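Below is one structure, written out as structure tokens; the observations come after it.
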Amino acid sequence: MSTKILIIGACGQIGTELTQKLRSIHGTDNVIASDIRKLNVPVVNDGPFEVLNALDFNQIESLIEKYEITDVYLMAALLSATAEKNPAFAWDLNMNSLFHVLNLAKAGKIKKLFWPSSIAVFGPTTPKNQTPQFTIAEPTTVYGISKQSGERWCEYYHNIFGVDVRSIRYPGLISYTTLPGGGTTDYAVDIYHKALSDGTYECFLKEETTMPMMYMDDAIRATIEIMEAPAEKIKIRSSYNLAAISFDPKEIAEEIKKHIPDFTITYEPDFRQKIADSWPASIDDSSAREDWGWKHDFDLAEMTNIMLENLKK
Ligand code: NAD
């Protein structure tokens, strides 16, 4: 049976690039994009697209049957900063969308499931540097609580029902194609846009706020690699730590200055500072590297080059 993929939340920051990459690998007709909103974007216009609410179990089930879907990527969620503004809805969306696809996998309707977790599963009591795979995780945001609970449920569905679910704890992701969706690491995308348009950026975090980050191409490759790996190599069925680079706002500003010497940055921390302070500064991802061969490609200098070159266009 050939691979037929459904991406839920395909118009978002990750979904946009994931859909395009998966279509280039499996063929456009084998990758069905879906989202609650229908935007005028390539993901919608260049291949099969369905309007789908991730909270509607019956709608997901009928799409899976209609297209004979084998693999689902669930990318719909409320992100960290947005979730804090609407905790009850964030809990509903982030948990129930996951239960829907886990239950469809349990019922044998799909073969494989990808669900993203986040560094937000960690909290202020977690070791901040080189945060281990297995460590204290006491998240203090509703987003982090939903991701941590999601991880527990993924592992449970794997252990008890044999569901083939695979997951990564993404760090902050940086890309130029689609704007980020309301996370605490969004500054690391906004800063490039503002550097080019205004020559200056007011950062919502303090200058020494170091967080783990990753260029989108690395994240997409990791997502596809973990899904393509033989099942026996995926030894962790909650979620894998994944790392590439760590930097703070001052360091990214210094890197931008190498291209735009007059660029200036100011700091006006808001409610997101507290979220950032509760997260790791760097991540130990040796389990992902050992189990399924993860290796990152992009560093801060190369990513800055790519971001500025492409945003200029
Ligand atoms: P995003 O906010 O950019 O995109 C989410 C997409 O889901 C949007 O297109 C939105 O319209 C859609 N959506 C929202 N509610 C929906 C619903 N009820 N039904 C169907 N679609 C719905 O988010 P993203 O950055 O692409 O993140 C995708 C996943 O990766 C999320 O689970 C997020 O928590 C996780 N993640 C992202 C990052 C990051 O830096 N971007 C980091 C860690 C984890």
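The values are calculated or read from the model by the stated rules, or taken from the named source; none is laboratory data. As the structure is a computational prediction, the values presented were derived from the model and not from experiment. All Cβ positions, even for glycine, are placed from backbone atoms using ideal geometry, and neighbour counts span all protein chains on display. Calculation scope for accessible area: heavy atoms of the full protein, side chains included, ligands and nucleic acids excluded. Shrake-Rupley method; radii C 1.70, N 1.55, O 1.52, S 1.80 Å.
Side notes on the structure shown:
- Looking only at region 35-56, and only at residues there that are within 19 Å of F99 (Cβ to Cβ) and either of a type outside the set (G, A, S) or modelled with pLDDT under 95 (or both), the one that is least open to solvent (accessible area, probe 1.4 Å): L52
- Test: residue in region 99-119 that is without any contact (Cβ under 8 Å) to a residue 40 or more places away in the chain, near the ligand (Cβ under 9 Å from one of its atoms), crowded, with 17+ Cβ neighbours inside 10 Å and of a type outside the set (D, E): no
- Take the conditions (1) under 17 Å from the mean Cα position of the chain (by Cα); (2) surrounded by fewer than 18 Cβ atoms within 10 Å (Cβ to Cβ); (3) more than 26 Å from P212 (Cβ to Cβ); T82 misses just one of them, which is (3).
- Filter result (of a type in the set (K, R) and part of a loop (DSSP other than H, G, I, E, B)) within region 260-305: K295
- Scanning region 120-140 for residues that are crowded, with 23+ Cβ neighbours inside 10 Å and among the aliphatic types (A, V, I, L, M) yields A120, V121.
- Which numbered condition Y143 fails, given (1) open to solvent by less than 60 Å² (accessible area, probe 1.4 Å); (2) of a type in the set (F, W, Y); (3) more than 10 Å from the ligand (Cβ to nearest atom): (3)
- Filter result for Y67 (surrounded by 22 or more Cβ atoms within 10 Å (Cβ to Cβ) and among the aromatic types (F, W, Y)): no
- Residue among D248, D262 that alone is touching an Asp or Glu at 6+ places or on another chain (Cβ under 8 Å) and either in contact (Cβ under 8 Å) with a residue 24 or more places away in the chain or not assigned by TED's automatic domain parsing to the domain that holds K111 (or both): D248
- Residue match in region 42-60 (condition: more than 15 Å from the ligand (Cβ to nearest atom) and assigned to a strand (DSSP E or B)): no
- Cross-chain or 6+ apart pairs with Cβ under 6 Å, region 25-36 first and in the same structural domain as D56 (by TED's automatic domain parsing), then of a type in the set (D, E, K, R) and part of a strand (DSSP E or B): S34/E50
- Condition check for I8 on (1) over 16 Å from R221 (Cα atoms); (2) surrounded by 15 or more Cβ atoms within 10 Å (Cβ to Cβ); (3) more than 7 Å from the ligand (Cβ to nearest atom); (4) not polar (S, T, N, Q): one failure, at (3).
- Residue within region 95-105 that is in contact with a Cys (Cβ under 9 Å, 6 or more places away or on another chain) and assigned to a helix (DSSP H, G or I) present: yes
- Any hit, region 166-177, residues being modelled with pLDDT under 95, within 15 Å of the ligand (Cβ to nearest atom) and not assigned by TED's automatic domain parsing to the domain that holds L113: yes
- Annotation note: Cβ proximity below 8 Å between a residue of region 9-22 that is closer than 16 Å to E50 by Cβ and part of a loop (DSSP other than H, G, I, E, B) and a residue that is near the ligand (Cβ under 6 Å from one of its atoms) and modelled with pLDDT under 95 (sequence gap 6+ or interchain) occurs for G12/G181.
- So E228, is it at pLDDT 95 or above, under 21 Å from L22 (Cα atoms) and surrounded by fewer than 17 Cβ atoms within 10 Å (Cβ to Cβ): yes
- Region 146-160, residues that are open to solvent by 30 Å² or more (accessible area, probe 1.4 Å) and in contact (Cβ under 8 Å) with a residue 12 or more places away in the chain: Q148, R152, W153, E155, H158, N159
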